Every structure is written in C-alpha cells, then in structure tokens.
Amino acid sequence: MGKRNVPRYPDDDGGGGGGCCGVVGWCCCILVLIIAAIAGAAAYAFFIYKPKAPSYSVSNMSVSQFDFNSNDLTLYAKLVATVRAENPNEMIGINYGEGSHTVVSYRGTPLCSGHLPTFFQGYKNVTVMEISMEGRHGFGSGLQSALEESEKEGNVPLDVFVSVPVSLRLGTLDIREVKVNVHCALVVDSISPKKKPTIKSATYQANVEF
C-alpha cells in the first residue's frame, strides 16, 4: 500500500501577523499625511498672513493719591498709566477679552491694581489706553523708608504687570483664546502726587499661556 500525503494547512499566526503589519503600515501612512497637511496649512497661513508680535509700552503716568497711614501701616495709591498697544499686522486683528488684570508694585509689594478695557484692535492699529488703578495694601515702615530714599535719589523702581485674555482674528476666523502676560520694569523720578512722574527707563518682557 502506498504512502498517503498528509495535507498541510497554512500557519494562522504567520498570516495574521502579515495582515496586522499591513494595517499598522496604512495607519502610519495616514498619520504622516495628516501631519504633512497640518504643517502645510500652517506654512500657508504663515506665508499669507505674515504674523508679527504686537508691542506694548507705558508712555505716561500720573499719581493722584499716595497716602501712607502710620496707624495700620497701609498705603492707599491711585494712579493712571497710559499704555500704548500697537498691532503691526496687516491681516490679523486682536480681540482683548474680559478678565484682564493690571498691577503696579514697588519692590514686590502691590500698590494698586486695575484692568484693561475690552475691545477689538484692527489691522495696523495703534491704541492708547489710560488705565486707572487704585488700592490699599500693607506697607511697612521699612518699605516707606526705602521709598523715601528712592524719591530723594530720583530713581523709583516700579513693576507693572498686565495679564489679558487675547484671541486673534484671521479674516473672519477667530483663533482660540490665550493669555498674554506683560511685565514692564519702570524707573520713574518720583511717585508723589505733587510732581508728575517722568519715566527714566523701561524694559519689557512678555509670554503667552496657551
């Protein structure tokens, strides 16, 4: 009697592995195409809109009240800072939203606070705002002595902090809101209500919270 050939069956593991690799390969290709499309769209938008960073500066300051209370060691301050905001973009508008906050401090101690107005800044636009700020804060005798010395020297260091929610408008499309933080380190010759302060120097730093 002759020998019978034993039938051979395909290896299930081998066939399944090949199919799985094929699916993974297709997924990788699709992912690469999506990333390339996003990068291309971003490059196109950058080329078309040519985005430029806005600039901010404190151009003026006036002090109406600056009263130290020796009984409870507090200081009541009321001042107005003139802020210049420039949007250099030709095709990008800027929305300044609600929830902004401004603070003026001396050597880390807050003096007064306020907020920016809510408004839309158009293309190639310069907006000048007068920001009113006031407040009463603890102000120890040591800080008072340091401030008096700074006044005598004609060099009073102040920090102005601005935090504002901002969204960009590209044509009719509004980009999601982010928070812009600006720190301005000022040196003025005086902060007395009896004399209009002169800004002697100013340096600016800004960052964005996504």
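The values are calculated or read from the model by the stated rules, or taken from the named source; none is laboratory data. Computed from a predicted structure; not experimentally measured. With ideal geometry, Cβ positions are generated from the backbone for all residues, glycine too; neighbour counts draw on all protein chains shown. Ligands, DNA and RNA are excluded from the accessible area calculation, which covers all protein heavy atoms including side chains. Shrake-Rupley method; radii C 1.70, N 1.55, O 1.52, S 1.80 Å.
So the values come out like this:
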quantity: Any hit, the stretch 168-188, residues being over 27 Å from residue 94 (Cβ atoms) and more than 23 Å from the chain's Cα centre (by Cα); calculated: yes
quantity: Residue match in the stretch 72-89 (condition: basic (Lys, Arg), in a loop (DSSP other than H, G, I, E, B) and open to solvent by 40 Å² or more (accessible area, probe 1.4 Å)); calculated: no
quantity: Odd one out for residue 127 among (1) in contact with a Ser or Thr (Cβ under 9 Å, 6 or more places away or on another chain); (2) touching a residue at least 40 places away in the same chain (Cβ under 8 Å); calculated: (1)
quantity: Test: residue in the stretch 166-185 that is in contact with a Leu (Cβ under 6 Å, 6 or more places away or on another chain) and touching a residue at least 24 places away in the same chain (Cβ under 8 Å); calculated: no
quantity: Residue that is most open to solvent (accessible area, probe 1.4 Å) [pool: residues in the stretch 143-187 that are out of contact with any Lys or Arg (no Cβ under 8 Å at 6 or more places or on another chain) and among the hydroxyl-bearing types (Ser, Thr, Tyr)]; calculated: 172
quantity: Filter result for the condition that a residue is of a type in the set (Val, Ile, Thr), in contact with a Pro (Cβ under 7 Å, 6 or more places away or on another chain) and either open to solvent by 20 Å² or more (accessible area, probe 1.4 Å) or modelled with pLDDT under 95 (or both), over 126, 103; calculated: 103
quantity: Residues that are modelled with pLDDT under 90, in a loop (DSSP other than H, G, I, E, B) and not charged (D, E, K, R), drawn from the stretch 139-185; calculated: 171, 172, 175
